[in-house]
Protein chains: 2
Amino acid sequence: MSQERFSTLLSSPTSPPRGASQYVIGADIGGTSLRLALADGSGTILGRWSASTTGIRDAALVLRRMRNGVDALLQDASLLPESLCAIAAGAPGVTDVDKGIVIATSYLMGWRDVPLREMLEAEFGVPAFIDNDVNLAALGEMKAGLAQGETDFVFLAIGTGIGAGIVVKSEIHRGSSWTAGEIGYMLVPGTSEVPVTLGEPGALESLVGGEGIKQLWQGRWNPDDTPLPRDVTATQIFDHALEGNSLAQEILQLVARTLAYAIYNISLILNSPLFVLGGGVGIHPALGNATRQVLDGREARVQPRLICSALGADAQLIGAIFLGLQMVTKQVDLADG
Amino acid sequence: MSQERFSTLLSSPTSPPRGASQYVIGADIGGTSLRLALADGSGTILGRWSASTTGIRDAALVLRRMRNGVDALLQDASLLPESLCAIAAGAPGVTDVDKGIVIATSYLMGWRDVPLREMLEAEFGVPAFIDNDVNLAALGEMKAGLAQGETDFVFLAIGTGIGAGIVVKSEIHRGSSWTAGEIGYMLVPGTSEVPVTLGEPGALESLVGGEGIKQLWQGRWNPDDTPLPRDVTATQIFDHALEGNSLAQEILQLVARTLAYAIYNISLILNSPLFVLGGGVGIHPALGNATRQVLDGREARVQPRLICSALGADAQLIGAIFLGLQMVTKQVDLADG
């Protein structure tokens with residue numbers, strides 16, 4: 001089993017010493033996959049587990065799958081079930097962190113007001129914490145990624161869709177009703193102005209999200225013009241752009257320009273010095289480079305740095321583990337008090 | 001002399017009692033006018049004074065004019081010069097609040113790295129505080145306007161140009177290099193994508209700022225189509241729209257749609273529940289109503305409230321007075337300690 005220590009997460013001198021007897025689960029619940037990591041009290045990842053969630057819309061089914069994963073992870077690490085102290089999970093949607101409720105996820109899962117924290121606590125018998133997955137990824141980047149030491153930055157997750165995790169003064173900015181950073185509906189030059197129904201892909205998402213990029217390709221694809229197939233993923237399109245395919249390059253430029261406009265707008269509003277691109281589509285180097293070129297071409301009093309995440313898909317899991325460990329520390333604090 | 005008490009600003013029970021012997025000046029330095037207000041320690045405004053700054057680009061000249069105004073205000077209130085305890089001023093540009101420097105103002109004044117706080121302290125011999133004028137207006141709205149009691153809101157000042165004062169968790173969000181809220185360059189559907197040089201009116205400002213609105217009118221104006229003159233102000237155009245003039249209505253709709261898109265984008269990013277429209281152009285009821293209609297036509301998980309400022313041009317002055325009083329309290333605290 002791989003042993004990785006991503007960071008000494010809880011370095012506060014007032015924290016109680018953490019024994020190896022405290023274990024936490026970090027979970028990333030996505031529309032296509034469920035990923036888990038088991039970590040000890042020092043932040044060392046002891047094991048990982050993943051399963052498909054494609055087609056699963058019922059939260060209870062996701063939890064059953066999670067149960068299997070947690071059991072397998074504990075067993076592999078030769079740990080008793082009671083070794084587990086906390087669980088923290090990221091959900092792909094608007095999440096009320098205080099109440100522990102997933103208010104709404106995208107069209108893929110279609111959750112509405114799912115009391116996920118309560119369900120996790122009932123299933124695993126330990127304190128649970130939930131948050132939006134992009135917020136957890138931003139936290140992961142801040143604690144163990146390229147945004148370490150930054151007090152203000154924006155994490156942009158581009159996978160099927162797009163979302164932002166906004167960090168202001170070292171804290172996640174979640175907004176007055178938990179929707180801060182839900183930028184998939186943003187309007188920039190080139191996006192459709194036609195109002196869309198909630199749950200449908202938004203204006204920005206349609207041009208910058210992985211699913212939208214695929215559809216851009218399919219809409220322009222013509223077998224007479226290109227030897228490439230009609231069915232390709234967003235990252236494959238970016239690969240083809242790097243290899244010189246002209247249709248792929250055209251789409252890459254359109255995506256990069258639209259993304260650059262969104263970053264430019266966020267930067268004007270927040271004056272964040274750093275943007276971290278994450279998610280399966282977002283970390284493709286061709287996208288980062290092309291977007292940076294568009295940004296460099298615009299005058300701006302403050303040009304934010306744009307970098308690609310080095311943590312990749314681990315950002316969410318690491319953020320979740322961090323939160324899990326934080327909960328354990330609080331429990332210890334309470335026990336001490 | 002008018003006696004207004006806008007609010008009991010410093011209501012903290014731990015604040016020392018404020019005597020009537022503490023007086024502060026709040027100043028609003030604009031590209032076309034300089035406005036001052038004298039207030040006593042309880043926040044009662046004892047007098048106001050204003051002068052034109054049109055054509056004055058030199059900060060030292062602005063200060064000389066301010067000296068005249070402060071002397072007149074103190075004299076009118078039968079106060080000795082040494083009664084003045086603090087001065088707080090809003091400047092129309094990017095302002096480093098910590099260093100007390102106006103980094104840059106718009107093309108109207110053209111200031112670069114003006115050490116305004118130091119200049120004010122040298123001129124008046126009292127502690128001074130400076131901030132961006134829109135940030136001060138947001139503070140004024142929070143302390144004495146319709147945003148009282150709100151912890152998160154956005155103040156949009158629309159006069160010659162457009163700027164936003166962003167309040168997050170009851171604090172002004174100024175950004176990592178003091179440019180947060182400088183949204184004049186924002187890109188939304190309909191704005192020009194051509195990069196502009198810094199200092200020039202930005203993409204959004206060209207369609208939503210007072211000067212840009214005038215130019216929209218002049219660009220479409222034809223004496224054969226309308227009995228109205230070519231030279232009208234933005235607010236006159238909105239008045240004509242209310243009276244049924246079709247060109248004016250067309251321009252109002254374009255401005256409202258563009259402004260609604262900007263508000264929509266800011267709302268997606270920040271999830272602020274309240275937007276307050278201020279500034280000479282922004283408080284025109286026709287603009288608020290038309291913008292609200294566009295926003296209502298878009299699906300949004302969270303529809304922010306959009307209201308017009310009731311303080312109007314007083315917002316900046318009240319914000320400045322509040323900061324001045326805060327400084328006096330700190331002085332007293334220090335003296336007590």
Sort out for me the Cα centre separation of segment A:122-199 from segment A:39-80, rounded to whole Å. 23
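Give, as a single signed number, the net charge of other residues whose beta carbon lies under 15 Å from the beta carbon of A:Leu295, with Lys and Arg counted +1 and Asp and Glu -1. Write down the numbers at each step before the final one.
Values: positive: A:Arg257, A:Arg292, A:Arg298, A:Arg301, A:Arg305; negative: A:Asp296, A:Glu299, B:Glu193.
Local charge sum for A:Leu295: +2.
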Whole-Hz ³J(HN,Hα) from phi, Karplus 6.51 cos²θ - 1.76 cosθ + 1.60, for segment A:37-52, glycine and proline x: 9, 9, 10, 8, x, 9, x, 7, 7, 9, x, 10, 8, 8, 8, 7
Amide H to amide H under 5 Å from A:Gly30: which residues, 5+ apart in sequence or cross-chain, H placed 1.01 Å off N in plane? A:Arg35
Please average, across the residues of B:178-185, the number of beta carbons from any other chain that are within 10 Å of each residue's own beta carbon, and give a whole number. 5
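Can you figure out the FRET efficiency of B:Lys330 with B:Glu82, using R₀ = 22 Å and their beta-carbon distance, to the nearest 0.05? Numbers along the way, then the final one.
On the way: r = 19 Å, r/R0 = 0.87.
Taking R0 as 22 Å, the efficiency between B:Lys330 and B:Glu82 is 0.70.
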Modelled FRET efficiency - R0 60 Å, B:Arg112 with A:Arg230, Cβ distances, 0.05 increments: 0.65
Calculate the spin-label point distance for A:Ala310 paired with B:Gln293, positioning each point 7 Å from the Cα along the beta-carbon direction, and give it in nanometres. 5.4
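Given N residues in the protein assembly as shown, what is its alpha carbon radius of gyration divided by 2.2 N^0.38 Å? Show your work: numbers first, answer last.
Details: Rg = 27.6 Å, N = 674, 2.2 N^0.38 = 26.1 Å.
Ratio of Cα Rg to 2.2 N^0.38 Å: 1.05.
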Give the distance, in whole Å, between the Cα centre of segment B:249-263 and the Cα centre of segment B:269-303. 10
Does anyone have the angle between helix B:314-336 and the longest principal axis of chain B? Alpha-carbon axes, 0 to 90°, nearest 10? 30
Which far-off residues, 5 or more places away or on another chain, put their amide H under 5 Å from the one on A:Gly181, with H placed in the peptide plane? B:Ile269, B:Leu270, B:Asn271
Across A:62-72, the residue-averaged tally of Cβ atoms belonging to other chains within 10 Å stands at 0
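Pairs on different chains or at least eight residues apart, Cα atoms closer than 28 Å: how many lysine pairs in chain B fit? The partial results should precede the final answer.
On the way: B:Lys99/B:Lys143; B:Lys99/B:Lys169; B:Lys99/B:Lys330; B:Lys143/B:Lys169; B:Lys143/B:Lys330; B:Lys169/B:Lys330.
For chain B, the number of qualifying lysine pairs is 6.
Take every Cα pair under 8 Å in segment A:245-337 that's 6+ residues apart, average their separations, divide by the length, and report that relative contact order as a whole percent. Don't skip to the end; give the middle numbers.
Details: 70 pairs, mean separation 28.3, N = 93.
Relative contact order, segment A:245-337: 30 percent.
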Quantify how strongly other chains surround peptide B:166-172 by giving the mean number of their Cβ atoms within 10 Å of each of its Cβ atoms. 3
Relative contact order of chain B, defined on C-alpha pairs under 8 angstrom at six or more residues apart (%): 19
How large is ³J(HN,Hα), in whole Hz, for each residue of segment A:141-149 in order, when computed from phi with the Karplus curve 6.51 cos²θ - 1.76 cosθ + 1.60 and θ = phi - 60°, using x for Gly and Pro? 4, 6, 8, 9, x, 6, 9, 4, x
Could you give the nm distance between label points at A:Ser192 and A:Asp239, where each point is 7 Å from its Cα heading toward the beta carbon? 2.9
Antiparallel content of DSSP bridges confined to the protein assembly as shown, in %, to 5: 60
In percent, how large is the relative contact order of segment B:95-137, given Cα pairs closer than 8 Å and 6 or more residues apart? 36
Starting with the fewest neighbours, write out B:Glu182, A:Glu243 ranked by other beta-carbon atoms found within 10 Å of each beta-carbon. A:Glu243, B:Glu182
Summed side-chain charge close to A:Ile56 - residues other than A:Ile56 whose Cβ falls under 12 Å, Lys, Arg +1, Asp, Glu -1: +2
For chain A, give me the percentage of DSSP beta bridges that are antiparallel, rounded to the nearest 5 percent. 60
How far is B:Asp76 from the same spot in each other copy, in nm, shortest first, if each label point sits 7 Å from Cα toward Cβ? 7.7
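Would you mind getting the Kirkwood hydrodynamic radius of segment B:149-308 from its Cα pairs, rounded to one decimal in Å? Walk me through the numbers on the way to the answer.
Numbers: mean 1/r = 0.0621 Å⁻¹.
By the Kirkwood definition, the hydrodynamic radius is 16.1 Å.
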Over segment A:150-308, what is the percentage of antiparallel beta bridges among all DSSP beta bridges, to the nearest 5? 50
Kindly rank A:202-210, B:208-216, B:56-64 from highest to lowest mean number of other beta carbons found within 10 Å of each residue. A:202-210, B:208-216, B:56-64
Please check: in the Gaussian network model of chain B (C-alpha springs, under 10 Å), which one of B:Val188, B:Val167, B:Val154 has the largest mean-square fluctuation. B:Val188
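Here, each number is a calculation from the coordinates, and none is a lab measurement. This structure is a prediction, so every number in the text was calculated from the model and none was measured. Note: ideal-geometry Cβ built from the backbone for every residue, glycine included; neighbour counts use all protein chains shown.
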